[in-house]
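Chemist: Take a look at the following structure, please.
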Amino acid sequence: MTGYAYMTASQKRGTIYIGVTNDLGRRMPEHRSGQGSRFTSRYGVQRLVWYEEHFAIQREKSLKRWPRQWKIELIEKTNPEWFELFRGRGGRRSVLLRRSTAAR
């Protein structure tokens, strides 16, 4: 499946969740409302800090096998401050910020 592999975090260097979806504009509001997954709801892991358009399922499985430090380095390569990369409430008006412009 071509889609998005993504990571959300509770805070900078906090708890990390790895997921996959074909529609981040729909999925991120689900996480924020507590409908995304039990894990993200329980640990407050709602800040989109990294995403990649990819053959998402394979990428997700690969990332889940990585050591935590590798995941942190991947996030910080493009988003060193762990800024939120999703703006909006879902739907067509939502915006995925480019990782290089997250600090602006």
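Chemist: When region 1-11 is examined, which residues are found to be assigned to a loop (DSSP other than H, G, I, E, B), in contact with a helix residue (DSSP H, G or I) (Cβ under 9 Å, 6 or more places away or on another chain) and touching a residue at least 40 places away in the same chain (Cβ under 8 Å)?
Modeler: Correct list: Met1 only.
Chemist: Could you please find all residues in region 42-97 being modelled with pLDDT under 90 and among the β-branched types (Val, Ile, Thr)?
Modeler: Once the filter is applied, which keeps residues that are modelled with pLDDT under 90 and among the β-branched types (Val, Ile, Thr), region 42-97 yields Ile57, Val95.
Chemist: Right, another one. Residues that are surrounded by fewer than 14 Cβ atoms within 10 Å (Cβ to Cβ), more than 21 Å from Gln69 (Cα to Cα), under 13 Å from the mean Cα position of the chain (by Cα) and not aromatic (Phe, Trp, Tyr): does region 16-23 have at least one?
Modeler: yes
Chemist: Can you tell me how many residues in region 40-71 are surrounded by 14 or more Cβ atoms within 10 Å (Cβ to Cβ) and part of a helix (DSSP H, G or I)?
Modeler: Residues that pass the stated criteria total 8.
Chemist: Can you tell me how many residues within region 24-39 are of a type in the set (S, T, N, Q) and either buried (at least 17 other Cβ atoms within 10 Å of the Cβ) or in contact with a Gly (Cβ under 6 Å, 6 or more places away or on another chain) (or both)?
Modeler: Total meeting the criteria: 0.
Chemist: Is it the case that some residue within region 61-69 is among the aromatic types (Phe, Trp, Tyr) and either over 18 Å from Val20 (Cβ atoms) or touching a residue at least 40 places away in the same chain (Cβ under 8 Å) (or both)?
Modeler: No, the conditions are met nowhere in region 61-69.
Chemist: Filter region 71-88 down to the residues that are out of contact with any helix residue (DSSP H, G or I) (no Cβ under 7 Å at 6 or more places or on another chain) and closer than 13 Å to Trp50 by Cα and list them by number.
Modeler: Result: Ile72, Glu73, Leu74, Ile75, Glu76, Lys77, Pro80, Glu81, Phe83, Glu84.
Chemist: Select from region 24-63 the residues that are within 16 Å of Trp82 (Cβ to Cβ) and among the aromatic types (Phe, Trp, Tyr) and write down the one among them that is farthest from the chain's Cα centre (by Cα).
Modeler: Once the filter is applied, the top-ranked residue is Tyr43.
Chemist: If you don't mind, there's one more thing I want to ask. Considering only region 13-32, I want to know if a residue exists there that is among the acidic types (Asp, Glu), out of contact with any Cys (no Cβ under 8 Å at 6 or more places or on another chain) and either free of Cβ contacts under 8 Å to residues at least 40 places away in the same chain or in a helix (DSSP H, G or I) (or both).
Modeler: There is at least one residue in region 13-32 that is among the acidic types (Asp, Glu), out of contact with any Cys (no Cβ under 8 Å at 6 or more places or on another chain) and either free of Cβ contacts under 8 Å to residues at least 40 places away in the same chain or in a helix (DSSP H, G or I) (or both).
The values are calculated or read from the model by the stated rules, or taken from the named source; none is laboratory data. Quick caveat, the model's predicted, so the values are computed rather than measured. We place every Cβ from the backbone using ideal geometry, glycine too, and count neighbours over all the protein chains shown.
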